[in-house]
Amino acid sequence: MAKAKDKKVKGKKIFKIAKEYNLSHTTLTEFLQKKGYKVSGPNDTVTEEMYEKILARFSDEKQKADKLR
């Protein structure tokens, strides 16, 4: 589980990351929950650790999304 002391990534909410990566917020929520993080919805702010895991897992999707823009 993520600790309360973990730094929050400034302004990074699940729904914004999902939009940036061209994914649904449900996909990110389920991914983080499977990794053991307590996530309740798309308005939750992610920690740096959570964001790094998202980046590692979904970097290919981000590159594809960037090409579409």
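The numbers here are math on the coordinates, done by the rules we state, and not lab data. Source: prediction; values computed, not measured. As a convention, Cβ positions derive from the backbone with ideal geometry for all residues, glycine included, and neighbour counts pool all protein chains shown.
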Output for region 14-69: GluC sites (Glu not before Pro) sitting in coil per DSSP, at most 16 other Cβ within 10 Å, listed by number, reads none
Using R₀ = 25 Å, calculate the FRET efficiency as 1/(1 + (r/R₀)^6) where r is the Cβ-Cβ separation of residue 19 and residue 49; round to 0.05. 0.75
Zone reached by a paramagnetic label modelled 7 Å from residue 63 Cα along Cα→Cβ, restricted to region 13-49 with backbone N below 20 Å, covers 18-24
Using the Cα atoms of the chain, I'd like the radius of gyration and the largest Cα-Cα distance, Dmax, both in angstrom. 11.5, 37
